[in-house]
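The values are calculated or read from the model by the stated rules, or taken from the named source; none is laboratory data. Note that this is a predicted model, so its numbers are computed, not measured. Neighbour counts are summed over all protein chains in view; Cβ atoms, including those assigned to glycine, are modelled from backbone coordinates with ideal geometry. Note: areas computed on protein heavy atoms with side chains; ligands, DNA, RNA excluded. Shrake-Rupley method; radii C 1.70, N 1.55, O 1.52, S 1.80 Å.
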Amino acid sequence: MSSKSTINFYIISDSVGGTASQLGQAAMTQFPDADIKVSAYPFIRGSDTLLSILEKAEIDNAIVLHTLVDEKLNKTAKTFCEKHELVFFDPLSPIISELEKRSEMVPIQKPGALHLLDETYFNRIKAIEFAVKFDDGRDPKGFLEADIVLLGISRTSKTPLSMFLANQNYKVANLPLIPEAHIPEQIWQVDPKKIVGLTSDREALNSIRRERMLTYGMNPDTEYSKLDRIDRELDFAKELYEKLGCLVINVSKKSIEETAAIIINTLQIEHKKYEQN
């Protein structure tokens, strides 16, 4: 038996296991000081393999979280866990059961159905390639083709936000704002409803930029990180955003996920189907 101070968490799936993993992570973030050991077992195909994993879980007194859509494997897990009084969670079965009842259809019980190489998948790949190609304003033509155009001064999370949105099938182009640089004429041709102006707090930017310089082994007290320089950049960006009449988001205390949700919900961009797991 494992030490009482360690909580063993087994994530089991007959596919990638992303659904179970994300659900488990969402719960575990509520206990940042807990000693939690996560063991992931994706692509389970046979009962023998599943039973050997569950036997280990019993020894570890683990919490089992599984997303087994194969009926035989699902029943095997349920029977074992109930017989051995092993705590387990099966989040998909109740949902599938209710959908089966309401649709009067039989589920296909196909592991990994969410990850089929369908049109949605290839559209996502295209969106990611688009974000890479038009990152940092490399080609101004991208602003006219993008679903979303991100503007912001240095260290306002333009690139990571672009990639996050691309993974949700949105074509995103971004432009770094520098007071001394010319604003491409294409920006003024974009529908303001597609433009998002990113900003941040001066103190947060100062801290991030100083840390950036230290990471490169450089003096943190450069023109790049000085508050008066940051103030000038922020003022320049604010003035531009007002002229464009675009959505403005302060990212200083927001995660990438929060910012992305605000953008999608506020701009009400046509929903793109995408795989979450």
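Listing for the model above:
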quantity	calculated
Index of the failed condition, V69 passing every other in (1) surrounded by 19 or more Cβ atoms within 10 Å (Cβ to Cβ); (2) modelled with pLDDT of 90 or more	(2)
Lone unmet requirement of (1) of a type in the set (F, W, Y); (2) within 23 Å of the chain's Cα centre (by Cα); (3) farther than 30 Å from E223 by Cβ; (4) surrounded by 16 or more Cβ atoms within 10 Å (Cβ to Cβ) for F88	(2)
Looking only at the stretch 55-64, and only at residues there that are over 8 Å from I12 (Cβ atoms) and without any contact (Cβ under 8 Å) to a residue 60 or more places away in the chain, the one that is surrounded by the fewest Cβ atoms within 10 Å (Cβ to Cβ)	I59
Pair list, Cβ < 6 Å and 6+ apart or interchain, from the stretch 92-103 residues that are under 19 Å from S15 (Cα atoms) and touching a residue at least 24 places away in the same chain (Cβ under 8 Å) to residues that are open to solvent by less than 70 Å² (accessible area, probe 1.4 Å) and not in a helix (DSSP H, G or I)	L92/T67; I96/P107
All positions within the stretch 162-190 that are in a loop (DSSP other than H, G, I, E, B) and either free of Cβ contacts under 8 Å to residues at least 40 places away in the same chain or of a type in the set (S, T, N, Q) (or both)	N167, Q168, N169, E180, A181, H182
Some residue of the stretch 151-161 being in contact with a Lys or Arg (Cβ under 7 Å, 6 or more places away or on another chain), within 30 Å of F236 (Cα to Cα) and assigned to a strand (DSSP E or B)	yes
Single unsatisfied condition, T156 versus (1) under 24 Å from T120 (Cα atoms); (2) within 20 Å of the chain's Cα centre (by Cα); (3) at pLDDT 95 or above	(1)
Selected residue (criterion: most open to solvent (accessible area, probe 1.4 Å)) from residues of the stretch 191-232 that are within 25 Å of V172 (Cβ to Cβ) and in a loop (DSSP other than H, G, I, E, B)	D191
